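Enquirer: Got a structure for you, questions after.
What follows draws every value from the coordinates through simple rules; no lab data is involved. If you're wondering where the values come from, they're calculated on a predicted model, not measured in any experiment. Neighbour counts are summed over all protein chains in view; Cβ atoms, including those assigned to glycine, are modelled from backbone coordinates with ideal geometry.
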């Protein structure tokens, strides 16, 4: 079975629940404070591993307590952490999360996530990547390094998956290096200028991304499910699975982990999307990012 190689962020999440957003200068009493392993790259790596994929992580953390805990947690989830660098001149990334009424507001400190340069990631890909492997990356690491990694993975014959979150405009010549782009509504508007709110606008947005050169497109729509457009197939609309929402932090990352785990298992795009919907529904019913991500057995039992 092909490997999944993830280049992305590793953060320690500091999360607290509040009854509402505080006003400027106001202090509110919160509850349910937790620290949990997070970072979009690490979350997606854990999701893919728990759903049965052979996953390798390329990332950087600080030589500190948070970094050690994050690397240990990844390894415990079954992710190969040989490519996780511990840096003495940088601190581990941190996300401060305020939970209000089931929604999250997040402030990020990138720290070591922006420390790796193009040569670092390219060298790792040349060392461990093999034709047919799946490469996954997001938008929380250095933009130039991320773009170089996508180009190198494409050149090596890897199936490339890009989650532009947080979104920033990409060079036009990057899109032909992307085999699958997965993004939410607001990210979609930034990347292609179309806000998807229904089937018509979803198709227009996906079509625009295809015109730019992306192979397949999946747009996540929160409670409205997801929309997919494959390279040679009709559009797919997959509803969200029923869920009791407690914390949405890792919903999108769990969905993407399911997409790539499905890809290495030989699932169709629509099959992977349905698997991702079931996995995300379990994740949002639990607190925390990586602690909420289910195993393949849990997803199959819930379907």
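Enquirer: Fewest Cβ neighbours within 10 Å first, please rank 27, 145 accordingly.
Expert: On the way: 27 7, 145 20.
With the fewest neighbours first, 27, 145 line up as 27, 145.
Enquirer: Return a whole-number percent for the relative contact order of segment 204-303, with Cα pairs under 8 Å and 6 or more residues apart as the contact set.
Expert: Working: 157 pairs, mean separation 22.8, N = 100.
In percent, rounded to a whole number, it is 23.
Enquirer: What whole number of Å gives the distance from the Cα centroid of segment 202-238 to the Cα centroid of segment 163-187?
Expert: 12
Enquirer: Residue 195 versus residue 131, label points 7 Å from Cα toward the beta carbon: distance in nm?
Expert: The two pseudo-label positions are separated by 4.5 nm.
Enquirer: Same structure again: Using 0.36 nm per residue, how much length does the chain from residue 223 to residue 34 gain when fully extended, once their Cα-Cα distance is taken away?
Expert: Numbers: separation 189, 0.36 × 189 = 68.04 nm, distance 2.51 nm.
Full extension of this stretch gives 65.5 nm more.
Enquirer: For segment 132-179, what's the radius of gyration and Dmax over Cα atoms, in angstrom?
Expert: For segment 132-179, the Cα-based Rg and Dmax read 9.8, 28 Å.
Enquirer: Given the -39500 (n - 2.57) contribution per DSSP H run of 4+ residues, what per-residue ellipticity at 222 nm results for the chain, rounded to the nearest 500 deg cm²/dmol? Can you show the working numbers first?
Expert: Details: 9 runs with 106 residues, N = 303.
After summing the helix terms and dividing by the residues of the chain, the value is -11000 deg cm²/dmol.
Enquirer: Oh, and also: List the equivalent ellipsoid semi-axes of the chain in whole Å, largest first, each obtained as the square root of 5λ for an eigenvalue λ of the Cα gyration tensor.
Expert: Details: eigenvalues 138, 115, 71 Å².
Each semi-axis is √(5λ); the values are 26, 24, 19 Å.
Enquirer: Applying a 10 Å radius around every beta-carbon, put 129-139, 78-88 in order of their mean neighbour count, most first. Write out the running numbers ahead of the final one.
Expert: Details: 129-139: 21.0, 78-88: 17.7.
Final packing ranking: 129-139, 78-88.
Enquirer: If contacts are Cα pairs under 8 angstrom and at least 6 residues apart, what is the relative contact order of segment 10-150 in percent? Don't skip to the answer; put the middle values down first.
Expert: Numbers: 256 pairs, mean separation 34.8, N = 141.
Computed over segment 10-150, the figure is 25 percent.
Enquirer: Before anything else, pin down the relative contact order of segment 125-259: Cα pairs under 8 Å, at least 6 apart, normalised by residue count, whole percent.
Expert: 16
Enquirer: How long are the semi-axes of the ellipsoid equivalent to segment 37-126, from square roots of 5 times the Cα gyration tensor eigenvalues, in whole Å, largest first? If you can, show how the numbers build up before the last one.
Expert: Values: eigenvalues 95, 64, 29 Å².
Result for segment 37-126: semi-axes of 22, 18, 12 Å.
Enquirer: Of the DSSP beta bridges with both residues in the chain, give the percent that are antiparallel, rounding to the nearest 5.
Expert: Working: 20 of 54 bridges.
Taking every DSSP beta bridge with both residues in the chain, the antiparallel ones total about 35 percent.
Enquirer: Please state, rounded to one decimal and in Å, the Kirkwood hydrodynamic radius that segment 234-300 gives when every pair of distinct Cα atoms enters the mean of 1/r. Mind showing how you got there, number by number?
Expert: On the way: mean 1/r = 0.0852 Å⁻¹.
Hydrodynamic radius (Kirkwood, Cα pairs) of segment 234-300 is 11.7 Å.
Enquirer: Can you pull the one-decimal nm distance between simple spin-label points at residue 75 and residue 186, each 7 Å off the Cα toward Cβ?
Expert: Placing both labels 7 Å beyond Cα along the Cβ direction yields 3.7 nm.
Enquirer: Let me ask something else about it. So, in Å, what gap is there between the alpha-carbon centers of segment 106-121 and segment 42-82?
Expert: Segment 106-121 and segment 42-82 have Cα centres separated by 15 Å.
Enquirer: Modelled label-to-label distance, residue 204 and residue 233, 7 Å Cα→beta-carbon offset: nm?
Expert: Between residue 204 and residue 233, the label points sit 2.6 nm apart.
Enquirer: Could you state the principal axis extents of the C-alpha atoms in segment 118-221, from the largest down, to the nearest angstrom?
Expert: The Cα atoms of segment 118-221 stretch 43, 25, 22 Å along the principal axes, largest first.
Enquirer: Can you divide the C-alpha Rg of segment 45-198 by 2.2 N^0.38 Å and report the result to two decimal places?
Expert: Values: Rg = 16.1 Å, N = 154, 2.2 N^0.38 = 14.9 Å.
In units of the globular-protein estimate, segment 45-198 measures up at 1.08.
Enquirer: A further question follows. Name the most mobile residue of 35, 248, 146, meaning the one with the largest mean-square fluctuation, in a Gaussian network model of the chain with Cα contacts below 10 Å.
Expert: 35
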